[in-house]
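First the structure, in the form of structure tokens, and then the observations on it.
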Amino acid sequence: MPLLRDADLAGAFDQAARSYDALVAANPGYHAHLRRSARRLGLPPDGRRLRVLDLGCGTGASTAALAAVLPGADITAVDASAAMLGHAAGKHWARPVRFVHTPVERLDEAGVSGPFDAVFAAYLLRNAADPDAVLATALRLLAPHGRLAVHEYALSGRAAHRAVWNAVCGGLVLPVAALLGDGQLYRHLWRSVLAFDTAAGLGRRVARAGFERVRVLPLPGWQTGITHTVVARRPARRPDCATEEEAGSGKPSDGAHPGTGTGTVPTGEETPR
């Protein structure tokens, strides 16, 4: 079965929206891991006066993580699935959240504009037809030194972790999804992880997109080696904004100085500074 993309994927999420929260609630650590990734943004804990963009918010689990970690932040949450977004918008929020129904590729048309202090993307990139374009959009919408956190199923590359993923999907997730009538979506989700970047490869992809201080951080529990947070920072000046003098001199532009740490590291609790 080919991977689902664009309208087909949004339609599959629409169909699965009614049972999605119940399935993720059965995943040990799912919500705690999202909160951990939100903390890894390294933002002030109250979040006051900060603008945060939640890309691919689904039914609002990632939005809830951001709201818990940054209770004073102004959060905009977007998703391409109308049904998933409807479930998210229908939940109780201590602070108003702006929910916008749009694919990431059409944020401008939907009135979503920067600058944002942080962009959070959970379980989004591997589902995107063009993940590099999504990262380019995040870079464009971030303020200078704004933070990025990509929370994603990205396997370590070790055979043992791939085997755990296949065992969990084949022995638990797919049979339950089939009973609920959502087998098509969850077969896609299983295969999309196998086809996507390794964790290190995802870190390199983020660095190639122009972000600095990229860190690839593990998550605990059964998802060790399966789910990672990639955190990074937008340079003070985007790489494509170098002046003619800088471009001709061979010297780095502001925000692209030597030693900014664009390489990736697999472990630790570092956050971009």
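Contact order, relative form, for the chain: 19 percent (alpha carbon pairs under 8 Å, 6 or more residues apart, mean separation divided by residue count).
Only alpha carbons enter this Debye calculation for the range 1-102, each as an equal point scatterer, and the log10 of I(q)/I(0) it gives at q = 0.22 Å⁻¹ is -1.17.
Solvent-accessible surface of the chain, averaged per residue with a 1.4 angstrom probe and all protein chains in place: 44 square angstrom.
Here the mean projected area of the convex hull built on the C-alpha positions of the range 123-245 is 8.6 nm².
In the range 1-79, a dipole from Cβ-located charges (positive for Lys and Arg, negative for Asp and Glu) runs towards its positive end, and of Gly58, Ala22, Pro44 it is Pro44 whose Cα lies farthest in that direction. Heavy-atom accessible area for Arg48, with the other protein chains in place and a 1.4 Å probe, reaches approximately 150 Å².
From the largest down, the chain spans 62, 43, 33 angstrom on the principal axes of its Cα atoms.
If you take the charge dipole of the chain about its Cα centre, with +1 on Lys and Arg Cβ and -1 on Asp and Glu Cβ, which of Gly221, Ala195, Val97 is farthest toward its positive end? Farthest towards the positive pole: Gly221. Averaging the sequence gap over all C-alpha pairs within less than 8 Å and six or more residues apart, then dividing by the number of residues, gives the range 109-204 a relative contact order of 31 percent. Based on Cα contacts under 8 Å between residues 6+ apart, the range 46-155 shows a relative contact order of 27 percent. Taking the protein heavy atoms of the chain in the context of the full set of protein chains, the accessible area attributed to carbon and sulfur is 55 percent at 1.4 Å. Rounded to the nearest 5, what % of DSSP beta bridges with both residues in the chain are antiparallel? DSSP beta bridges in the chain are roughly 40 percent antiparallel.
Each Lys and Arg contributes +1 and each Asp and Glu -1, all at the Cβ; summed about the Cα centre of the chain, the dipole is approximately 720 debye.
The C-alpha atoms of the chain define a longest principal axis, and helix 6-25 lies at about 70 degrees to it. Using only alpha carbons, the range 48-204 has a radius of gyration to Kirkwood radius ratio (Rg to Rh) of 0.98.
The values are calculated or read from the model by the stated rules, or taken from the named source; none is laboratory data. Being a predicted model, the structure only gives us computed values, none of them experimental. With ideal geometry, Cβ positions are generated from the backbone for all residues, glycine too; neighbour counts draw on all protein chains shown. Ligands, DNA and RNA are stripped out before the accessible areas are found, and what is left, the full protein with its side chains, is counted by its heavy atoms. Shrake-Rupley method; radii C 1.70, N 1.55, O 1.52, S 1.80 Å.
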